[in-house]
Amino acid sequence: MTESGFLHRTRASYDALAEDYAEWIRTELAAKPLDRAVLSGFAELVREADAGPVADIGCGPGRLTAHLDGLGVPVFGIDLSPRMIAVARRLYPALRFAEGSMIALDLEDGSLGGLLAWYSIIHVPRERLPEVLAEFHRVLAPGGYLQLGFQVGDEPLHRSEAAGHEISLDFHRCRPDQITELLNQAGLVPYARMVREPDADGNFPETTPQAFLLARKPQS
């Protein structure tokens, strides 16, 4: 089967950006205390549920995989870009990283106690999101948690250049209510949401609100 065009473009773009992106994003989490609070809450819930390991889907250079590991979560990373995975393995050699696509995860049914998709569904066209969330539902164990992060909005953004590299990346912004409806359709129960206003200061300026949705797969 021919690979979807958006997957090919996303992989090629992050392959090109891998080294520069890893350096740029390295200190981003330290600058965003509310984002850290969301991740800390997710970590505590998955530790308490103790339903299995956590997958950081779209892990990039592994910074959030390492952050969750530091919070005592049994975690591994998956990313579409082999060059991102190579960077993650170099930066965090004690952690496990693998290539993979959220469209078809190479994971057993019900094998995860938690799944983090932190600004990784943003590259998925809206018409493919039900497919992705169904795949998340499949790999989560009963009682497992899904934590999403994404930009709020209605219109997609296309970028053809970043850090001096030619790329082709689409950023699909969504409304929290839209994602909540899709979560329900996928059989994932919304648990909590937070919308943070854009942070225009510092080295990581934002132009849109940022949404964080937590959902859970029912116990039965």
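We did not get these values from a lab; they are worked out from the coordinates using the rules stated. Quantities reported herein were computed from a predicted structural model and do not represent experimental measurements. Positions of Cβ are generated from backbone atoms using ideal geometry, with glycine treated the same way; all protein chains shown enter the neighbour counts.
Data table
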read-out	value
Net charge of Cβ neighbours under 10 Å - reference LEU80; Lys, Arg +1; Asp, Glu -1	-2
Debye, to nearest 20: dipole size of the chain, +1 on Lys, Arg Cβ, -1 on Asp, Glu Cβ	340
Choice from LEU80, LEU29, LEU68 with maximal GNM fluctuation in the chain (Cα, 10 Å cutoff)	LEU29
